[in-house]
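Student: What follows is a single structure, and I will ask about it in a moment.
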Amino acid sequence: MPRAKQGPEPSAPIFLADEHPEIDVLSPQTIGGSPVTIHLTVPDVDTLTEQALRAGAVLIRPVADQGGGLRNSKIRDPFGHVWMISTFRTRRRRED
């Protein structure tokens, strides 16, 4: 049976806006934090974490391997949003 043609990688855009109190769009800083962590999966967690830090993010947890092929970090952006940035690496089969 022929396989279906694979399309592009799935995507889920995330939109974050500046604060607009006049329409009740408030930042985590204004409301004293947020219970939400945005988990972003990327091809290279190390590079994106460094880029975020250069842009003003604060490191909450440094990049580290977590087991099971997961490598991630946790940052807070200048507006108070918390991000977990991850890369999933495929495991290599051990040679016998």
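Student: Based on the Cβ-Cβ distance from Leu40 to Glu19, what FRET efficiency comes out when R0 is 30 Å, to the nearest 0.05? Write out the running numbers ahead of the final one.
Tutor: Details: r = 21 Å, r/R0 = 0.71.
In this case the efficiency is close to 0.90.
Student: Also, I was wondering about something else. Could I have the simple spin-label model distance between Ser11 and Leu53, label points 7 Å from Cα toward Cβ, reported in nm to one decimal?
Tutor: Placing both labels 7 Å along Cα→Cβ, they lie 2.8 nm apart.
Student: To continue, here is another question. Show me the ranking of peptides 33-39, 17-23 by mean Cβ neighbours inside 10 Å, starting with the highest.
Tutor: 33-39, 17-23
Student: How big is D for the stretch 27-88, in µm² s⁻¹ as a whole number, if Stokes-Einstein is applied with the Kirkwood radius of its Cα pairs at 10 °C and 1.306 mPa s?
Tutor: 135 µm²/s
Every number in this text was worked out from the coordinates using simple rules, so none of it is lab data. All values derive from a computational prediction rather than experimental measurement. Glycine gets a Cβ as well: all are built from the backbone with ideal geometry, and neighbour counts include every protein chain shown.
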